[in-house]
Amino acid sequence: EIGELIFLDSLLLYSNGLTGTIPHQIGHLDKLRWLDLSNNDLTGSIPEQIYSLSQLDKFYLYSNLLGGSIHTHIGNLQNMRELWLYDNELTGEIPSQIG
């Protein structure tokens, strides 16, 4: 299970034709600094557990089929330097915690 890879600091699975939802177990990867699941066919929403990854500084989910809104808990990602979410089906307002 992906959540057992507790020492993982980068997870780069871009352009792999992945489908389905993002597993919430990714939120167990406390040392994760770089998460790139871009350019796939992922659906569903961004799991709230991802917003607990306090070390995350690069977060790429662009070019998927993700819906729902960006949760205000995104403000918990205080080390984040790059956030790319374009080309999805996200709805709602951009949380003020981003700016």
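Looking only at residues that are surrounded by 15 or more Cβ atoms within 10 Å (Cβ to Cβ) and touching a helix residue (DSSP H, G or I) at 6+ places or on another chain (Cβ under 8 Å) in region 29-51, which one is farthest from Leu8 (Cα to Cα)?
Pro47
Looking at this structure, is Ile26 open to solvent by less than 30 Å² (accessible area, probe 1.4 Å) and within 17 Å of Leu90 (Cβ to Cβ)?
Considered against the rule, which asks whether it is open to solvent by less than 30 Å² (accessible area, probe 1.4 Å) and within 17 Å of Leu90 (Cβ to Cβ), Ile26 comes out as no.
Which pairs turn up if I take residues in region 70-87 that are on the phi > 0 side of the Ramachandran plot and look for partners that are among the hydrophobic types (A, V, I, L, M, F, W, C) with beta carbon separation below 9 Å, at least 6 apart in sequence or on another chain?
none
State whether the residues of region 45-57 include one that is touching a strand residue (DSSP E or B) at 6+ places or on another chain (Cβ under 9 Å), on the phi < 0 side of the Ramachandran plot and of a type in the set (Phe, Trp, Tyr).
The answer is no, given that none of the residues of region 45-57 is touching a strand residue (DSSP E or B) at 6+ places or on another chain (Cβ under 9 Å), on the phi < 0 side of the Ramachandran plot and of a type in the set (Phe, Trp, Tyr).
If the requirement is being within 21 Å of Leu18 (Cα to Cα) and of a type in the set (Ser, Thr, Tyr), which of these qualifies: Ser96, Ser54, Ser63?
Ser63
The values are calculated or read from the model by the stated rules, or taken from the named source; none is laboratory data. Note that the structure is a prediction, hence the values are computed from the model and not measured. All Cβ positions, even for glycine, are placed from backbone atoms using ideal geometry, and neighbour counts span all protein chains on display. Note: areas computed on protein heavy atoms with side chains; ligands, DNA, RNA excluded. Shrake-Rupley method; radii C 1.70, N 1.55, O 1.52, S 1.80 Å.
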